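Since the structure comes first, as structure tokens, the remarks are kept for the end.
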Amino acid sequence: MTADLALIWPELILTIGGLVTLMLGTYAGDRQVGLYQLAAMVTLAAAAAAVLALFGTDTTVFSGTLSVDSFGGFAKLLIYAASFICVVIAPRFFKDAMRAEYPVLILFAALGMGIMASSRDLMTLYVGLELNSLASYVLASFMRSDERSSEAGLKYFVLGALASGILLYGISLLYGFTGSTDFATIAAALGGELNIGIIFGIVFVIAGLAFKISAVPFHMWTPDVYEGAPTPVTAFFATAPKVAAMALMTRVVIGAVGPAVGAWQQIIIFLALASIILGAVGAIGQKNIKRLLAYSSINNVGYMLIGLAAGTQQGVEGVLTYLLVYMVTTIGSFLIVLQLRDDRGNQIESIPALAGYSQRRPGLAAAMAVFLFSLAGIPPLFGFWPKYLVFEAAVNANLVPLAVAGIVASVIGAFYYIAIIKTMYFDEKSDTEFPRGTGTVVEDAVITASALWLSVIGYLFIGVLAALSATAAAVLF
Amino acid sequence: MSGVPILSLMLAIPTVAAIACLFAGDRNARLIALVATLIDFALGVMLWANFDIGGAQWQFVESAPLFGRFNYALGIDGMALMLIMLSVFLMPLCILASWESITKRVGLYMAMFLIMEVVMIGVFMAQDLLLFYVFFEAGLIPMYFIIGIWGGANRIYAAFKFFLYTLLGSVLMLIAMIAMIREAGTTDIPTLLNYNFPPEMQTWLWLGFFASLAVKMPMWPVHTWLPDAHVQAPTAGSMILAGVLLKLGAYGFIRFMMPMFPEASAQFMWVVFALSMVAVVYTSLVALVQSDMKKLIAYSSVAHMAIVTAGLYALNQQGIEGALIIMLSHGVVSAALFFCVGVIYDRLHTREIDRYGGLAVNMPAYALFFMLFTMASIGLPGTSGFVGEFLSLAGIYEASSTVAFVCTTGIILGAAYMLYLYRRIVFGELTKDDVKAMPDLNPREWAILAPLAAVALWMGVYPESFLAPMRGDVTTVVARLAPAKPAGDAHLAAGKPKPAAAGHGEASGEAHHAGGAQ
């Protein structure tokens, strides 16, 4: 037991850090925003350091309910990094509405997501998922006085509760028909003939998880929540929980129900193609940049699922690389959305107002163009590479029709990305002024760094990324 | 020359200059772009001068395992050399052509052109399949901006159509490439060139590549993006589009499809022939009725490219050499024709043919150059067009006389629409007042047209300079194709010499000797 505790340092640090920040908030009042922010940042950095220190260990703790391995480590690093940035960017956005609860909730959400990414038992899976979800519901409605934010929170909560119910139902079926909640035991029990109960269990579990990664047809909440939630929270939703849920999905699909390929593969293929196509088509008519990014995230999840559908180590490597590149792109684009303010300091979210943006803020427009072309997967931008990896995995797993369908649908996706670029670059200037000085040095540095990395420089890291994702993915096979 | 990574240098200089242009003022951006493209041209000349004809197939080879899964591998053969020369030759002329006509966002414009140059020569240099794909696709981005920002009235439609059309084709090629890499276990192009893919797999791979390259080429019926893109693009954009971008498709044909999938190439020969025959006749007829100068030249480009595809798929030495020469010739001539359109467009701001007439009177130098390029486009002996068309038609004839017959009508129709265009613009009465007021060529326009004219004539009079570096590579491709190639219908055989008639044998024999001794 004590030995087990030494292996879950990241979780311990987050728990303690979260509680300390909460106490600070209770006693120091809401004014000391900088203090809570700092506490949360230190906690996340320490947790990330702990993950790094444990990187390479491959073991399980607490009677095999939680794993400590490189796969979880990889996912946790991404989750903590995304949470870190979402803490950093918050105060400028919330101004006076910034409260101690924000960093605390982010910390607890990060803790939950860490547990999701390293769970290897249906019980820990559910605990992690709910810890994350409950924190997220509150975060979505963080702007209490704002109608859209409250609506987003409520919608997220109702649909999230429904998804949790579906997931729990699936979990109980799996447990009932295999006699265990442990992933490895479930996998062993699936070796023979599948009975209808197990298939139902698999379908329900995957459906519950598909809600969390917002794969079609469980995506309906995404555009509304993305639009309504405060922008830093949207940035958070678009990155960290996606990583956690995708990692969890991979663990469940490969680790728990892996042997029943016939049962899960066609579901994943359907989710993948439906997400790619609906994400792309749904984005076309959007006039709000946050809604558009919501559809873009649905679309990108579809590509990750192609890698997962392959069900091979190569496919999982592709998923992990995709998560990393997608996270960098998404954070970069949301940082730019945060900077879209008119001369009165109001947040601008409408896409038509971006007309001629490249002439008002050439640097930001160029970075946004890089992010969008990268999301569309056009080489030489680095967004091409993870797409290539998942398609390669699909072709190598003899899923050529899936790869062809996915890649052809990517052209539909390219349409709406280049349509925003058209608005920013080709159209005449709109009436909206975009004064300079809207971003802090840190924000600008993050935007610049991610834009540079996503242009050709990222290609130099392919070797490192391949080694990292291979180490992480190998754990599952 | 060993030690200097001249190919990398040629990629690096425009890249650095492009970044500099983004931050420079209008005037400086023009200068930076011109200087950078001229340096690249000088490097290109050095490349040609140091190219060892008949030496190793791949020269100036560089390779560095920079990208983990694939290599930064560069190298050129004779065909790539010639196409790189075409690109670096046209680039400074394009920059000069936009010197005065582009006035807004000059820095971005020049940066886009320089990136375009990097991408184009990168395509010809790449020796790694994935590196090739990255360069090949990357060209979409700068061209999208060039058409979309500095194009004509309907530029946004044209930019979208160009981008999505060519992207749709390219992605299928990517799937084919993934399958190839899986099968052969390497991304190295020289290795893949000698890898024998199973014939039934070749069929699918060929179709995947064809989907992409036929759009890029462009072949009928997927050519419709081209007239839109050309008409809306700024003058220099059309020059580079017609001059080099259209050659990427044909380059892909001869670099990948023919040597890598010889069985499939033989199998699909008639598909290519059929599409080419339709294209030659159909697009020539369409060109005949255009009232927009740029559209007319755009359709003529489709017709010329159709002769290129037919020549390539004759699968013999003459046909392929001829197709390559047409590619080079069309690169120079169509760029020049688009510039000729640009010259009068800058003066009158319309592309309507009917708005002009009688330019021979007030713009004699312009009329002369325009005449030369019109003739080169038709294929008049002495100009570059003749050499390519003659060679490729001879090659096509060897493969099929029917195809040769149909393609030759393209030349007649080509003469019809080009001469008709020339008559309407340059000859006739000079009646319109605004046309009367148009001044003749200025020194900048001279500086652009003169080199283009010189090269068109050089290629027409002494094509061996251009053919010699490519001959060995064409022979290699033909040798790869030989086992699969179907027999042509032109059973060529050396004629029997007529037995010398008694009586005047002495005299003619002497004459023959005298002739042979010269």
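For the reader, a short list of remarks on this structure follows.
- Members of the stretch B:161-184 that are more than 7 Å from every other protein chain (Cβ to nearest Cβ) and closer than 30 Å to B:His349 by Cα: B:Lys161, B:Phe162, B:Tyr165, B:Thr166
- Residues satisfying the stated conditions in the stretch A:241-264, i.e. over 18 Å from A:Gly208 (Cα atoms) and not in a loop (DSSP other than H, G, I, E, B): A:Val261, A:Gly262
- Considered as a group, the residues in the stretch A:357-403 that are aromatic (Phe, Trp, Tyr) and free of Cβ contacts under 8 Å to residues at least 40 places away in the same chain include one that is farthest from B:Leu108 (Cα to Cα), and that residue is A:Tyr388.
- Within the stretch A:420-437, the set of residues being hydrophobic (A, V, I, L, M, F, W, C), within 12 Å of another protein chain (Cβ to nearest Cβ) and under 16 Å from A:Glu349 (Cβ atoms) comprises A:Met424 only.
- Residue in the stretch B:62-76 that is crowded, with 21+ Cβ neighbours inside 10 Å, β-branched (Val, Ile, Thr) and more than 14 Å from every other protein chain (Cβ to nearest Cβ) present: yes
- Unique match (being out of contact with any helix residue (DSSP H, G or I) (no Cβ under 7 Å at 6 or more places or on another chain), facing chain B (nearest Cβ under 9 Å) and hydrophobic (A, V, I, L, M, F, W, C)) among A:Ala366, A:Ala353: A:Ala366
- The residues listed here are B:Asp52, B:Asp77; of these, the one that is acidic (Asp, Glu), within 30 Å of B:Ile320 (Cα to Cα) and in contact (Cβ under 8 Å) with a residue 60 or more places away in the chain is B:Asp77.
- Test: residue in the stretch A:441-452 that is within 14 Å of chain B (Cβ to nearest Cβ), farther than 30 Å from A:Ser119 by Cα and among the hydroxyl-bearing types (Ser, Thr, Tyr): yes
- The set of residues in the stretch A:388-419 being within 9 Å of chain B (Cβ to nearest Cβ) and closer than 13 Å to A:Gly318 by Cβ consists of A:Tyr388, A:Leu389, A:Phe391, A:Glu392, A:Ala394, A:Val395, A:Asn396, A:Ala403.
- Which numbered condition A:Trp385 fails, given (1) in a helix (DSSP H, G or I); (2) crowded, with 20+ Cβ neighbours inside 10 Å; (3) at pLDDT below 90: (3)
- Any hit, the stretch A:462-469, residues being assigned to a helix (DSSP H, G or I), within 11 Å of another protein chain (Cβ to nearest Cβ) and in contact with a strand residue (DSSP E or B) (Cβ under 6 Å, 6 or more places away or on another chain): yes
- Any hit, the stretch B:185-198, residues being surrounded by 15 or more Cβ atoms within 10 Å (Cβ to Cβ), among the acidic types (Asp, Glu), closer than 26 Å to B:Gln267 by Cα and more than 9 Å from chain A (Cβ to nearest Cβ): yes
- Here B:Val118 meets the list (1) more than 10 Å from chain A (Cβ to nearest Cβ); (2) under 22 Å from the mean Cα position of the chain (by Cα); (3) of a type in the set (Val, Ile, Thr) almost entirely, failing just condition (1).
- For the stretch B:221-280, the helices (runs of 4 or more DSSP H) that sit wholly inside it and include 2 or more residues that are more than 16 Å from B:Gly311 (Cβ to Cβ) are B:225-232, B:235-240.
- Of all the numbered requirements in (1) surrounded by fewer than 17 Cβ atoms within 10 Å (Cβ to Cβ); (2) assigned to a helix (DSSP H, G or I), A:Phe373 misses one, and that requirement is (1).
- Candidate set from the stretch B:42-61 (those that are in a helix (DSSP H, G or I) and among the hydrophobic types (A, V, I, L, M, F, W, C)); member that is farthest from the other protein chains (Cβ to nearest Cβ): B:Ala49
- For the stretch B:287-301, the criterion of a residue being assigned to a helix (DSSP H, G or I), out of contact with any Ser or Thr (no Cβ under 8 Å at 6 or more places or on another chain) and within 30 Å of B:Lys485 (Cα to Cα) is satisfied by no position.
- All conditions in (1) within 30 Å of B:Pro483 (Cα to Cα); (2) buried (at least 24 other Cβ atoms within 10 Å of the Cβ) hold for B:Val119, with the sole exception of (1).
- In the stretch B:159-175, the residues that are farther than 20 Å from A:Phe426 by Cα reach residues that are small (Gly, Ala, Ser) and surrounded by fewer than 21 Cβ atoms within 10 Å (Cβ to Cβ) with C-beta atoms within less than 7 angstrom, at least six apart or across chains, in these pairs: B:Gly169/B:Ala211; B:Leu172/B:Ala211; B:Met173/B:Ala211.
Every residue, every condition in (1) surrounded by fewer than 23 Cβ atoms within 10 Å (Cβ to Cβ); (2) within 21 Å of B:Val332 (Cβ to Cβ); (3) over 18 Å from the mean Cα position of the chain (by Cα), yes or no:
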| position | (1), (2), (3) |
| --- | --- |
| B:Gln232 | no, no, yes |
| B:Ala236 | no, yes, no |
| B:Phe256 | no, no, no |
| B:Ala264 | no, no, yes |
| B:Met269 | yes, no, yes |
| B:Phe273 | yes, no, yes |
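- Yes/no for B:Gly395 being closer than 26 Å to B:Val478 by Cα, assigned to a helix (DSSP H, G or I) and in contact with a Leu (Cβ under 9 Å, 6 or more places away or on another chain): yes
The values are calculated or read from the model by the stated rules, or taken from the named source; none is laboratory data. This one's a predicted model, so the numbers in the text were calculated from it and none came from an experiment. Please note: Cβ atoms are built from the backbone with ideal geometry, for glycine as well, and neighbour counts cover all protein chains shown.
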